[in-house]
Amino acid sequence: TVIAGEDIVASRKKLLEVKTDYVSKKYNPVFLALSNILDKIKIDEQEVNLFGDSSVYFIENLSKKYNGRQKTVFKDSIVEFSKNRNITLVDWEAGKSAYDISGLKRIATTFIECKPSKSIFELLDSCYPKNLKTFIKSYRKLTLTQDEMFIFIMLVKHIRNLILAKVDALPQSIKPWQRSKLTHQSALWTEKNLVSFYDGLAKIDIALKTGASSYSIGQSLELLLCYYVR
């Protein structure tokens, strides 16, 4: 099972639901690191469980090693595991779309993708100078149904892409229609303000993680927006 999607909050929630479901079915949850996944599963296969319990293996970001077109021992082993009905493996790919991890999608028995709502992308598209009133209104409406941290994460990612578009450095993996939209939106900004806005978002992120801010994420973001999207 692969649980993915750019909506990290929703995918994490789905991961917890899957874990709870397996535990209720008397599975023993085992959390693995990429460095020992092959050895651990192979050893467990060889051992006889005297109590007859079954294990479910959880791992994060399997795609870090399961990628590219070149065949490797690691990739071959994962393919074999995916075909073995006695091995239950759950991989959480935080923030990644089906397009990003198409190789894993092809071998997954179950593939769950938590996609952002259309409203998220409409909000991101409206983030440009002299559009503060519209952006704030859309943002507040969206927070009624979406997690604020998820919106913040998506905004940070979007502004980073706008900076890359501004300096003509977008990765080749970006689709043509996305490249066109990002390039058009970045043209509404000066490079200096884009970079400064991104730095401001980074400072908010650090303040929230360290507990150094007396403002909520929404309050912090709106204050920053009032300066750059006014």
> Want the number for Lys141 to Leu188: 0.36 nm per residue separation, take away the alpha-carbon distance, what's left?
Replying inline: 14.5 nm
>> Taking the number of other C-beta atoms within 10 Å as the exposure measure, put Arg179, Arg69 in order starting with the fewest.
In response: Arg69, Arg179
> With contacts defined as alpha carbon pairs under 8 Å and 6 or more residues apart, what's the relative contact order of the stretch 2-113 in percent?
Replying inline: 44 percent
> Taking the chain as the region of interest, what is the percent of Cα-Cα pairs per 5 angstrom bin, listed from the shortest bin to the one with the maximum distance?
Replying inline: 1, 6, 12, 14, 15, 13, 11, 10, 8, 6, 3, 1, 1, 0
>> Quick check on the exposure proxy: order Leu155, Leu194 from fewest to most C-beta atoms within 10 angstrom.
In response: Leu155, Leu194
> Can you put Tyr227, Tyr27 in order, fewest other beta carbons within 10 Å first?
Replying inline: Tyr227, Tyr27
> Once both labels are modelled 7 Å past Cα along the beta-carbon direction, what's the Phe121-Lys157 spacing in nm?
Replying inline: 1.2 nm
> In the stretch 4-43, which trypsin sites (Lys or Arg not before Pro) are in a loop and have at most 12 other Cβ atoms within 10 Å, using DSSP for the loop call?
Replying inline: Lys25, Lys26
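What percent do you get for the relative contact order of the chain when only Cα pairs under 8 Å and 6+ apart count? The partial results should precede the final answer.
Numbers: 243 pairs, mean separation 53.6, N = 230.
Once normalised by length, the contact order is 23 percent.
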> Given labels modelled 7 Å from the Cα in the Cβ direction, how far is it in nm from Val79 to Leu38?
Replying inline: 1.4 nm
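Applying 1/(1 + (r/R0)^6) with R0 = 30 Å to the Cβ-Cβ distance of Ser102 and Val167, what FRET efficiency is obtained, to the nearest 0.05? Before the final figure, lay out each step's value.
Numbers: r = 28 Å, r/R0 = 0.93.
Plugging the Cβ-Cβ distance into 1/(1 + (r/R0)^6) gives 0.60.
Based on the Cβ-Cβ distance from Leu16 to Met149, what FRET efficiency comes out when R0 is 25 Å, to the nearest 0.05? Spell out each step's value before the answer.
Values: r = 16 Å, r/R0 = 0.64.
My answer for the efficiency is 0.95.
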> Taking amide H positions as placed 1.01 Å from N in the peptide plane, with prolines and chain starts having none, which residues 5 or more places from Val56, or on another chain, fall under 5 Å of its amide H?
Replying inline: Asn28, Val30
> Cα-Cα over 30 Å: which of Lys83/Lys157; Lys13/Lys133; Lys40/Lys209; Lys137/Lys166; Lys19/Lys40?
Replying inline: Lys83/Lys157; Lys13/Lys133; Lys40/Lys209
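Scan the chain and note any complete DSSP helix (H) whose C-alpha atoms cover at least 20 Å along its axis and whose Kyte-Doolittle average is -1.0 or more. Before the final figure, lay out the partial values.
Values: long enough: 8-24 (24 Å, -0.02); 148-166 (27 Å, 1.17); 191-210 (29 Å, 0.10).
Long hydrophobic helices here: 8-24, 148-166, 191-210.
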> How many nm is it between the label spots at Asn131 and Lys209, if each spot is 7 Å from the Cα in line with the beta carbon?
Replying inline: 2.9 nm
> For Phe31 and Lys71, FRET efficiency with R0 = 35 Å and r from the beta-carbon atoms, rounded to 0.05?
Replying inline: 0.80
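No value in this document is a laboratory result; all are computed from the given coordinates. If you're wondering where the values come from, they're calculated on a predicted model, not measured in any experiment. All Cβ positions, glycine included, derive from the backbone under ideal geometry; neighbour counts span all protein chains shown.
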